[in-house]
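Structure record follows, encoded as structure tokens.
The values are calculated or read from the model by the stated rules, or taken from the named source; none is laboratory data. Just so it is clear, the structure is predicted and the values come from calculations on it, not from any experiment. Note: ideal-geometry Cβ built from the backbone for every residue, glycine included; neighbour counts use all protein chains shown. Each accessible area value is taken on the protein alone, full model and side chains, heavy atoms only, with ligands, DNA and RNA left out. Shrake-Rupley method; radii C 1.70, N 1.55, O 1.52, S 1.80 Å.
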Amino acid sequence: MRYLTFALGKGRLAEQTLDLLEQIGITCEEMKDKNSRKLIFVNEELKLRFFLSKGPDVPTYVEYGAADIGVAGRDTILEEGRKVHEVLDLGYGKCRMCICGPKSAGAYLKHHELIRVATKYPNIAKDYFYNVKHQTVEIIKLNGSIELAPIVGLSEVICDIVETGSTLRENGLSVLEEVCPLSARMIVNPVSMRMESGRIKDLIQRLRAVI
Ligand code: PRP
């Protein structure tokens with residue numbers, strides 16, 4: 001039996017995924033050691049391997065088959081647009097991709113004005129404005145603290161993740177439109193899905209039963 005390899009996005013998502021896997025009897029003790037600098041962890045008995053990567057790299061590892069299975073947020077999966085099968089909504093990491101800004105910016109959206117949109121997710125923003133809203137906009141890519149952009153005058157609105165809404169509230173911004181709901185998803189390499197279909201389908205079924 002060959003190893004099935006999992007790529008997990010570092011941080012809370014990986015922790016929640018390990019908790020979920022534990023519920024179906026899949027454990028990886030080595031991985032719980034927070035001080036370890038090891039990058040790859042093995043469960044010899046179940047012939048499983050796990051590695052942690054930056055979230056946006058998870059779909060890349062899965063598309064190329066360096067990992068058979070990955071867990072990443074739907075935001076990352078949509079943004080990266082990799083050739084992977086999305087097989088399961090894991091139910092955690094729930095939040096929304098939204099267009100946000102000061103309330104006054106609502107009129108720019110309503111009247112389809114040429115505005116600037118700051119975002120960490122240029123592909124998602126482009127798809128929403130061009131294919132869903134049919135509004136021409138200028139997309140400005142940022143790497144974090146997106147809420148700053150409309151406050152300091154870099155853009156009229158942002159396209160960003162809203163979870164509790166407290167970052168928006170504390171900065172005088174609101175949700176103006178919702179792009180899509182988000183949560184953690186399991187993705188699978190298309191070749192692995194065929195070659196290891198028994199093991200992977202069994203895993204999906206067992207996870208479905210506890211979600
Ligand atoms: C995310 C997102 C928002 C915030 C939303 O940022 O970009 O800024 O969380 O959460 P809330 O609705 O619960 O306030 P993150 O903390 O990941 O950091 P970033 O700004 O560096 O992207």
Tell me the mean residue ellipticity at 222 nm calculated for the chain from its helices only (DSSP H runs of n ≥ 4, each -39500 (n - 2.57), averaged over every residue, nearest 500).
-8000 deg cm²/dmol
With +1 on each Lys and Arg Cβ and -1 on each Asp and Glu Cβ, and nothing else charged, work out how big the dipole of the range 99-204 is about its Cα centre, in Debye to the nearest 20.
280 debye
Using a 1.4 Å probe, what is the accessible area per residue for the range 105-148, in Å²?
57 Å²
Let me know the charge dipole size of the chain about its Cα centre in debye, to the nearest 20, where only the beta-carbon of Lys, Arg (+1) and Asp, Glu (-1) is charged.
240 debye
So the angle from the long Cα axis of helix 12-23 to the longest Cα principal axis of the chain, reported in degrees to the nearest 10, equals 40 degrees
Put +1 on the Cβ of every Lys and Arg and -1 on every Asp and Glu Cβ in the chain; which of LEU46, HIS111, MET31 then has its Cα farthest towards the positive end of the dipole?
LEU46
Calculated log₁₀ intensity ratio I(q)/I(0) where the Debye formula runs over C-alpha points of the chain, q = 0.13, 0.16 Å⁻¹
-0.77, -1.01
Please report the spacing between the Cα centers of the range 145-208 and the range 59-75 in Å, no decimals.
15 Å
If you keep only loop residues by DSSP, which GluC sites (Glu not before Pro) in the range 109-211 have at most 13 other Cβ atoms within 10 Å of their Cβ?
GLU113, GLU163
Considering only the chain, percent of DSSP beta bridges that pair antiparallel, nearest 5
60 percent
Qualifying trypsin sites (Lys or Arg not before Pro) in the range 10-51, DSSP loop, other Cβ atoms within 10 Å at most 14
LYS10, LYS34, ARG37, LYS38, LYS47
Of VAL188, THR164, ALA149, which is farthest towards the positive pole of the range 145-189's charge dipole, taken about the Cα centre with +1 and -1 on the beta-carbons of Lys, Arg and Asp, Glu respectively?
VAL188
In whole percent, and with a 1.4 Å probe on the protein chains, what portion of the accessible area of the chain is carbon and sulfur?
50 percent
